[in-house]
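Participant: Handing you this structure, nothing more for now.
The values are calculated or read from the model by the stated rules, or taken from the named source; none is laboratory data. Treat the numbers as computed from the prediction; the structure is a model and nothing was measured. Cβ: placed from backbone, ideal geometry, glycine included. Neighbour counts: every protein chain shown. Note: areas computed on protein heavy atoms with side chains; ligands, DNA, RNA excluded. Shrake-Rupley method; radii C 1.70, N 1.55, O 1.52, S 1.80 Å.
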Amino acid sequence: MPKFTSCLLPCLCLAATFGLGATAHAADWSDTALSWRAGNDYREPFNPDDIKKNIFAITHASGYKYGSNFVNLDFLMSDSKDPGALGKTSGAQEAYLVYRNTIDIGKVRGSDIKFGPVRGVGVTLGFDVNTKNDVGYNSRKRMLVAGPTLMWDVPGFFNTSLLLLRESNAPSGAFPPVSLVTGRYTYKTHAMLTGAWGIPLSPLFSFEGFFNLIDAKGKDEVGRDTAVETNIDMQVMFDVGAAMGNAKNTFRVGVEYQYWKNKFGNSAATTGNKGQTAKTPMVRAEYHF
């Protein structure tokens, strides 16, 4: 079995377990979507080239008696500027899985917690897992997250969390110094301020996205200092299905933009100012069921 496929299968199983499990436990509401997005200006640390990627995803969100679940599995397909193996022209492949469970403290205690512009207070727990078969790093990320969440009183939703991150990786790139790393390396526990939103702009348009402001995580696997990381991803979506008289929120298209500075904690000082910052416009399409 190919290396990438053997790592991908556990990700698929985890996505199915958490996504379907969330629905099975008496969900008050749920939404599952298949999506595609693409752009020509993705970047990877230490790589001076703009990279074209096609990203396919399955996303599930649901609410239950005491809170909500979110699971997203991205499949990222690079072009030849991000090669999958030494001496190959085919692009790298990556699977990235995110799971979050937010427990609403007000729902647990039977009385909502509201103050000022805040309509709820919760605790978020979850993890990130990835695997990538690129020539330079071959990421095998594992990360646990936990921390408080505020749910803001806005049309749609806007949630912010302050999370502690416990992250490790076991890279196996083809070139030193990464090729000299053996075993799994754990970074310093660090913090992330994160937020996610979905705001209706009209019956057919919505403004959605997320941001992550991530503290430096100490030294990396080869002793280099990591940097504060900023990742902002936002999109404006148009409900094509509803505009054509079909069910609302079934088929949507839109434009997306991502700004990612010091990607994965890599700075200009450590990369030689190559690939650590991405400014990526994208097109996006989603089918919800």
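Participant: Quick check: is even one residue across region 143-158 touching an Asp or Glu at 6+ places or on another chain (Cβ under 8 Å) and either of a type in the set (D, E, K, R) or open to solvent by less than 20 Å² (accessible area, probe 1.4 Å) (or both)?
Facilitator: Yes, region 143-158 contains a residue that is touching an Asp or Glu at 6+ places or on another chain (Cβ under 8 Å) and either of a type in the set (D, E, K, R) or open to solvent by less than 20 Å² (accessible area, probe 1.4 Å) (or both).
Participant: Scan region 51-80 residue by residue and report those that are assigned to a loop (DSSP other than H, G, I, E, B) and surrounded by 17 or more Cβ atoms within 10 Å (Cβ to Cβ).
Facilitator: Answer for region 51-80, where residues must be assigned to a loop (DSSP other than H, G, I, E, B) and surrounded by 17 or more Cβ atoms within 10 Å (Cβ to Cβ): just D79.
Participant: Separate question: Tell me which residues, restricted to region 250-265, are open to solvent by 30 Å² or more (accessible area, probe 1.4 Å) and in contact with a Ser or Thr (Cβ under 9 Å, 6 or more places away or on another chain).
Facilitator: Scanning region 250-265 gives Y257, Y259, W260, K261, F264.
Participant: Going through region 231-246 one residue at a time, which ones are closer than 21 Å to I199 by Cβ and surrounded by fewer than 19 Cβ atoms within 10 Å (Cβ to Cβ)?
Facilitator: Of everything in region 231-246, those that are closer than 21 Å to I199 by Cβ and surrounded by fewer than 19 Cβ atoms within 10 Å (Cβ to Cβ) turn out to be I232, D233, M234, V236, F238, V240, G241, A242, A243.
Participant: Can you name the residue in region 194-220 that is closer than 22 Å to T149 by Cα and of a type in the set (D, E, K, R) and, of all such residues, is least open to solvent (accessible area, probe 1.4 Å)?
Facilitator: K217
Participant: Suppose we keep only residues that are under 25 Å from D220 (Cα atoms) and part of a strand (DSSP E or B) within region 107-137. Which one would you say is most open to solvent (accessible area, probe 1.4 Å)?
Facilitator: L125
Participant: Being over 30 Å from D153 (Cβ atoms) and more than 22 Å from the chain's Cα centre (by Cα) narrows it down to one of K274, K279, so name that one.
Facilitator: Residue meeting the stated conditions: K274.
Participant: Could you grab the pairs with beta carbons closer than 6 Å, sequence gap of 6+ or different chains, first residue in region 255-274 and under 20 Å from A170 (Cα atoms), second one hydrophobic (A, V, I, L, M, F, W, C) and open to solvent by 40 Å² or more (accessible area, probe 1.4 Å)?
Facilitator: Cβ pairs passing all conditions: T271/F46.
Participant: Among the residues of region 163-193, what is the count of those that are within 17 Å of V98 (Cβ to Cβ) and either among the hydroxyl-bearing types (S, T, Y) or open to solvent by 50 Å² or more (accessible area, probe 1.4 Å) (or both)?
Facilitator: Number of matching residues: 4.
Participant: Any idea which of N40, N47 is polar (S, T, N, Q) and open to solvent by 40 Å² or more (accessible area, probe 1.4 Å)?
Facilitator: N40
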